[in-house]
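Chemist: If you scroll down you'll find the structure; I have some questions about it.
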Amino acid sequence: MQDTPHEILRGVFGYDAFRGQQADVVEHVVAGHDALVLMPTGGGKSLCYQIPALARYGTGIVVSPLIALMQDQVEALEQVGVAAAYLNSSLEAGRAAEVEARLLAGELDLLYVAPERLLTGRFLALLDRIAIALFAIDEAHCVSQWGHDFRPEYRSLNILHERWPEVPRIALTATADPPTQREIAERLDLVEARHFVSSFDRPNIRYRVVQKASARRQLLGFLEDHRGEAGIVYCLSRRKVEETAQLLREQGYHALAYHAGLDSGVRAANQRRFLQDEGVVVVATIAFGMGIDKPDVRFVAHMDLPKSLEGYYQETGRAGRDGQPAQAWLCYGLSDVVLLKQMIESGDAGEDRKRVERGKLDALLGYCESTGCRRQTLLAAFGETYPQPCGNCDNCLDPPETWDATVAAQKALSCVYRSGQRFGATHLIDVLRGADTERIRQFGHDRLSTYGIGEDLDANQWRSVFRQLVAAGCLSVDAEGHGALHLTEAARPVLRGETTLSLRRDIVRTRDRSRAARV
Ligand code: ADP
Ligand code: ZN
């Protein structure tokens, strides 16, 4: 084909101009070179391999991990007259044979294939008999074993380079953190390839973090401002997904549940309604979303802490792909921190992996507790420097107050110490506030020197102190037991009065912009 990339962009896809780095990537791959492309969701990764596949002789082979994604892409391509097909387990044998025949006849511009099928000896032998324009490896972060989308078959994809060294490869992902990027480059043998790293900023998304007081009420308050809009509400567990979806339906929302425990037919139907109907709210576990291309998702709400900042970034990245204002809302509390820390510590992962996971959780907590611009914190985690505060996040719009919490922290930490480092925040707060409970009497904690020394703060304020002390690493959470807190090395200078501690004053809002109660 003699058409230039620009002619294909216009003639086939009907767009006037390339976006961002698309033109550079396309030119590079058309010339036969390898590329690793990091672009945020909605950035326009698909054209980066589709156009070179059309511009080069032969068929472009696209490795893709998700059946739904392949179908969407192939349908969209067929609509603009590109000869595209896919091969995966959803295809019955007869249809698969047809696709293979078209492939061998050189009729296909693009073929999407699942990694496990691509790697079969039979399929590789098939590829030996055709002209290959390029290999595109979509969702390349699936090669990373630290990510939650890990696909073991992706590890074997370096065979493509060994077997067809002259065919250009382009790997693409929206996951941006530098360690994952390095892992992708190494695993896929793309260290020498040119890396195209786009800015990951999504300026139209407004980031907000609220401290959990009554999560359901807070969610309803948030949603009240978004009635009739399409959005996603993420929850950690299937049960919570069901409960929350039920709650929203009772409140008159068109809410549908989505999690891996649902029948696949129900899942597919709910996904379809989300894509086709207006104003559907999907309440989901993180099983929902990869490859969902719905431009007008107006909000992504998290009822629980996500697993990592990258995960959070990807999940929230599903909002506002049309460039219109969108909201990323996260509700987070001490119990989330305790739960996630326990999940890491009690998991059977090796010490190396646990260290990585702890680091990821700390980065996430740093984001949640940040008093500065959220966007700066978020992008910094991806190795990007954002020059000034963004003006479109909660901390920029409504700068949080901080207070000198040194004395409060000392009281909290010594209460942990005096009670033997065996109790969770709820009990410790009772002790500090001089409560008269069964447990306090049982353990004789009314005789501790820290009993009743914290009456100056209410229980919510103390929860905020404990949460921030855990996030700051002064307290750690037991792997077993019910969230028992103990002191860390970092607690010492605080206890000894060698350092001061400034904490954010939490604001619990029942409704956005309305009454705000300081705690
Ligand atoms: P990604 O895979 O990076 O999430 P897509 O390739 O799905 O992004 O592109 C996102 C949207 O942007 C799609 O609707 C696509 O048609 C549109 N798009 C991509 N490139 C361009 C362009 N150069 N001009 C106009 N629209 C584009
Ligand atoms: Zn900001």
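Chemist: Counting other C-beta atoms within 10 Å, which of 329, 403, 146 has the fewest, and how do the rest follow?
Modeler: So the ranking, lowest neighbour count to highest, is 403, 146, 329.
Chemist: Bins of 10 Å, beginning at zero and ending with the bin holding the largest distance: percent of Cα pairs per bin for segment 112-268, please.
Modeler: Going out from 0 Å in 10 Å bins, segment 112-268 shows 8, 26, 24, 22, 14, 5, 0 percent.
Chemist: For a test of understanding, tell me how many lysine pairs in the chain have Cα atoms under 14 Å apart, given they are 8 or more places apart or on different chains.
Modeler: Summing the qualifying lysine pairs gives 5.
Chemist: Report, for the chain, the % of DSSP beta bridges that are antiparallel, rounded to 5.
Modeler: Antiparallel bridges make up about 15 percent of those DSSP assigns within the chain.
Chemist: What span do the alpha-carbon atoms of segment 203-337 cover on each of the three principal axes, reported in whole Å from largest to smallest?
Modeler: For segment 203-337, the Cα extents along the three principal axes come out at 37, 33, 29 Å.
Chemist: Around residue 281, which amide H atoms from residues at least 5 apart in sequence, or from another chain, sit under 5 Å from its own amide H, with H modelled in the peptide plane?
Modeler: When sequence neighbours closer than 5 places are left aside, the close amide H contacts are 231, 254, 255, 256.
Chemist: For 290, 39, 343, what's the fewest-to-most ordering of other Cβ within 10 Å of each Cβ?
Modeler: Listing 290, 39, 343 from fewest to most nearby Cβ atoms yields 343, 290, 39.
Chemist: Take the Cα atoms of the chain, find their three principal axes, and give me the spread along each one in whole Å, biggest first.
Modeler: 86, 47, 45
Chemist: Any chance you could list the semi-axes, whole Å, largest first, of the equivalent ellipsoid that the Cα gyration tensor gives for segment 1-106, using √(5λ)?
Modeler: Square roots of five times the eigenvalues give 24, 16, 13 Å.
Chemist: Can I ask one more? Counting other C-beta atoms within 10 Å, which of 241, 197 has the fewest, and how do the rest follow?
Modeler: 197, 241
Chemist: Amide H neighbours of residue 210 under 5 Å, counting only residues 5+ apart in sequence or on other chains, H built in-plane at 1.01 Å?
Modeler: 330, 331, 332
Chemist: Next question. Quick one: 3J(HN,Hα) in Hz for segment 260-270, Karplus 6.51/-1.76/1.60 with θ = phi - 60°, rounded, Gly and Pro as x.
Modeler: 5, x, 7, 4, 5, x, 5, 4, 4, 5, 5
Chemist: What order do you get for 372-380, 483-491, 47-55 when each peptide is scored by the mean count of other beta carbon atoms within 10 Å, highest first?
Modeler: Top of the packing list down: 47-55, 372-380, 483-491.
Chemist: What are the principal axis extents of the Cα atoms in segment 326-451, in Å, biggest first?
Modeler: 54, 40, 25
Chemist: Another question, if that's okay. Under a 5 Å amide H to amide H cut-off, with H placed in plane at 1.01 Å, what residues pair with residue 133 once short-range neighbours are removed?
Modeler: Residues meeting the amide H criterion: 59, 60, 61.
Chemist: Could you point to the residue in 366, 174, 145 farthest towards the positive end of the chain's charge dipole, with +1 and -1 charges on the Cβ of Lys/Arg and Asp/Glu respectively?
Modeler: 366
Chemist: Ranked from highest to lowest mean number of other Cβ atoms within 10 Å per residue, what is the order of the peptides 150-161, 83-94, 294-305?
Modeler: 294-305, 150-161, 83-94
Readers should treat all values here as calculations from the given coordinates under stated rules, not as data from a laboratory. Keep in mind it's a predicted model, so treat the numbers as computed, not measured. Please note: Cβ atoms are built from the backbone with ideal geometry, for glycine as well, and neighbour counts cover all protein chains shown.
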